[in-house]
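Okay, so here's the structure we're looking at.
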Amino acid sequence: MDKKDMRKIQLLAVLIIFLIPVITSSLLDLKQQKEQAAAYQALLSAQEIQRIAEKKNYLMGKFNPGGREDFVLIPKEHTTLSVPMYLRQEAYDAFLKMSAAAKLDGIKLRIASATRNFDYQKVIWDNKWSGATLVDGENLAESITGGPERFQKILEYSAAPGTSRHHWGTDIDVYYAIPAFFETGKGKKIYDWLVVNAPTFGFCQVYNEKGTDQFAGYHEEKWHWSYLPLARNLTQEYKTLITLEDLDGVSFLGSEFVPENLINDYVLSINPECL
Ligand SMILES: [Zn+2]
């Protein structure tokens, strides 16, 4: 080995000694960065899972509207009953504008029902199931003993808990949930006005008369109007996020008879103009 080679080896040795800590610390940095990225990813996933769980609870009405900042209590002058009623702020603002316009045409709009959470809807449903509330003048517990048939009968005008648009704070019923009220006199005048004017304020009659292209779903409800700027997205989110499995284990009378088509033919089968 000549002197030149020795110099080269010495230089290489110095270089290696110098680089070892640099390389080691770089590797440690890299490892740390990877660990941090994985932890961040896990946090994001946990947040996403939490966000979806909260969204599903909202869509299924599992919350208290009085405890949410995006809901407002409707002043009694706008309602038919003295029980507290809530709406999402935007839906209420739109209702106020619509109500003011109706007033100019000599029509007083009043809300008979607004947000109904899961527990509220469960009371309505259970009472129809048990016969405590008569349906078409009948005690269904006596007149329809078959579970699936009784379920279908109640579905004519009532949503099962967890599947009602009233959960969202975007939908209102005006005056009476009685078809005959809207056929003549005051009711007809109100309905005719809404048909012409409600769309201007974002409201749509989601349960319309069934036609040849639309046969599934609830019967026509001339009293039920949905605020689309919010509800349109929520309908889509319901379609994406909620499955029959989410209704598994929910507690309401007759829940063991939930029909396969409940989401598709009821929640999602609405007036195509409101989609
Ligand atoms: Zn309704």
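The values are calculated or read from the model by the stated rules, or taken from the named source; none is laboratory data. Note that the coordinates shown come from a computational prediction; the quantities given were computed from them, not determined experimentally. Glycine gets a Cβ as well: all are built from the backbone with ideal geometry, and neighbour counts include every protein chain shown.
Filtering the stretch 175-232 down to residues that are polar (S, T, N, Q) and either within 13 Å of the ligand (Cβ to nearest atom) or part of a loop (DSSP other than H, G, I, E, B) (or both), which residue is surrounded by the most Cβ atoms within 10 Å (Cβ to Cβ)? Ranking the candidates gives SER226 first.
Take the conditions modelled with pLDDT of 95 or more, within 16 Å of the ligand (Cβ to nearest atom) and assigned to a loop (DSSP other than H, G, I, E, B) and apply them to THR163. Does it pass? Against the criterion (modelled with pLDDT of 95 or more, within 16 Å of the ligand (Cβ to nearest atom) and assigned to a loop (DSSP other than H, G, I, E, B)), THR163 qualifies. Taking every residue in the stretch 126-141 that is surrounded by fewer than 14 Cβ atoms within 10 Å (Cβ to Cβ) and pairing it with any residue that is not in a loop (DSSP other than H, G, I, E, B), at least 6 positions away or on another chain, the pairs with Cβ-Cβ distances below 6 Å are SER130/ALA141. In the stretch 147-160, how many are assigned to a helix (DSSP H, G or I) and aliphatic (A, V, I, L, M)? Qualifying residue count, the stretch 147-160: 1. Only one of the numbered conditions (1) within 16 Å of the ligand (Cβ to nearest atom); (2) of a type outside the set (Asp, Glu); (3) part of a loop (DSSP other than H, G, I, E, B); (4) surrounded by 13 or more Cβ atoms within 10 Å (Cβ to Cβ) is violated by PHE252, and that is (1).
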